[in-house]
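The values are calculated or read from the model by the stated rules, or taken from the named source; none is laboratory data. It should be emphasised that the depicted structure is a prediction, and the values quoted were computed from it without experimental measurement. Note: ideal-geometry Cβ built from the backbone for every residue, glycine included; neighbour counts use all protein chains shown.
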Amino acid sequence: MEKLGGVLFSIYRGTPRHREWVLACLQGAWPKLIGEKLAAVCKPASFDGSALAIEVLDRQWEDAIRSVRLALLDKLQSATAGEVTRISVVSRQSPVVSGTKRQI
């Protein structure tokens with residue numbers, strides 16, 4: 001039997017509001033998905049296609065996210081029934097301009 005989350009994600013797939021729905025679900029579940037401590041320093045910022053951009057407090061936290069990248073991606077894939085397949089990190093300290101968003 002398919003998990004309820006997978007069914008809900010499939011209902012919105014292909015609709016104009018799919019991206020914002022996935023992002024809102026991740027934002028709401030973020031502390032439970034990744035833990036309170038890590039959630040205090042980063043948050044889901046945008047979702048485009050299958051890529052989730054994660055905003056971190058500063059560039060020092062990029063390394064912390066990178067060190068748990070595979071485990072984090074696995075949790076996100078499971079929680080979103082495979083919707084998230086890539087993650088990138090954006091630091092709050094620098095504006096989002098070409099070159100500051102880094103794929104991990």
Complete set of residues in the range 49-77 that are over 10 Å from the mean Cα position of the chain (by Cα), outside any helix (DSSP H, G or I) and surrounded by fewer than 19 Cβ atoms within 10 Å (Cβ to Cβ): Gly49, Leu57, Asp58, Val68
Residue ID - modelled with the highest pLDDT, chosen from residues in the range 59-78 that are out of contact with any strand residue (DSSP E or B) (no Cβ under 6 Å at 6 or more places or on another chain) and among the acidic types (Asp, Glu): Asp74
Residue within the range 78-91 that is over 16 Å from Leu26 (Cα atoms), touching a helix residue (DSSP H, G or I) at 6+ places or on another chain (Cβ under 7 Å) and buried (at least 16 other Cβ atoms within 10 Å of the Cβ) present: yes
Cβ pairs under 6 Å, 6+ apart, first in the range 16-32 and part of a helix (DSSP H, G or I), second modelled with pLDDT of 85 or more and not aliphatic (A, V, I, L, M): Arg19/Phe47; Val22/Phe47; Val22/Glu83; Leu23/Pro44; Leu23/Phe47; Leu26/Pro44; Gln27/Pro44
